[in-house]
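Colleague: Let me begin by handing over the structure; questions about it come next.
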Amino acid sequence: FEINYTTVGTRRLYFQKKIFESLYDVPEEKLVGHKATLLSDATARFGPGTKYDLFKDAKLSSGASLNVFFQENGWVFAEFSCKKLGVVRGWFPAEIVQAE
């Protein structure tokens, strides 16, 4: 889902299927990750583009390890570990991500 919060801005949200237990036709997507490295310091975003909010607590340094799931419009959706939150997911520009 994409939600535009009046207090923070635009964010793309992902939910686990178990939240929709009473709905039998909710599609389920299994993500397969690919190892990659961040080529410069960056802060993740909540969607694939600059119109989406910065994920301010998800700041990574150059050389950080990523597990990239897919690419959309020049952005990659990846899982990573950050000091403040632990393992989370967010979006980075594809040009600053290098596959291993």
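The values are calculated or read from the model by the stated rules, or taken from the named source; none is laboratory data. Keep in mind that what you see is a predicted model, and the values were worked out from it rather than measured. Note: ideal-geometry Cβ built from the backbone for every residue, glycine included; neighbour counts use all protein chains shown. For the accessible areas, the whole protein counts, side chains as well, though only heavy atoms, and no ligand, DNA or RNA atoms are used. Shrake-Rupley method; radii C 1.70, N 1.55, O 1.52, S 1.80 Å.
Colleague: Looking at the range 39-53, is at least one residue touching a strand residue (DSSP E or B) at 6+ places or on another chain (Cβ under 7 Å), part of a strand (DSSP E or B) and either farther than 18 Å from ARG11 by Cα or polar (S, T, N, Q) (or both)?
Modeller: Within the range 39-53, one or more residues are touching a strand residue (DSSP E or B) at 6+ places or on another chain (Cβ under 7 Å), part of a strand (DSSP E or B) and either farther than 18 Å from ARG11 by Cα or polar (S, T, N, Q) (or both).
Colleague: When you go through (1) at pLDDT 95 or above; (2) part of a loop (DSSP other than H, G, I, E, B); (3) among the basic types (Lys, Arg) one by one for LYS35, which number turns out not to apply?
Modeller: (2)
Colleague: Find all pairs meeting these conditions: Cβ atoms under 7 angstrom apart; at least six residues apart or on different chains; first residue within the range 55-68 and under 16 Å from THR37 (Cβ atoms); second residue of a type in the set (Asp, Glu) and assigned to a strand (DSSP E or B).
Modeller: Here the result reads ASN67/GLU79, each pair linking the range 55-68 to a residue that is of a type in the set (Asp, Glu) and assigned to a strand (DSSP E or B).
Colleague: Here is a list of conditions, (1) part of a loop (DSSP other than H, G, I, E, B); (2) modelled with pLDDT under 95, and ASP57 meets all of them except one; can you say which number that is?
Modeller: Exception for ASP57: condition (1).
Colleague: Filtering the range 62-80 down to residues that are part of a strand (DSSP E or B) and open to solvent by 80 Å² or more (accessible area, probe 1.4 Å), which residue is nearest to ALA42 (Cα to Cα)?
Modeller: Going through the qualifying residues, I end up with SER65.
Colleague: Still on this structure, please answer the following. Identify the residue in the range 4-32 that is surrounded by 10 or more Cβ atoms within 10 Å (Cβ to Cβ) and assigned to a loop (DSSP other than H, G, I, E, B) and, among all such residues, is modelled with the highest pLDDT.
Modeller: Top of the filtered list is LEU31.
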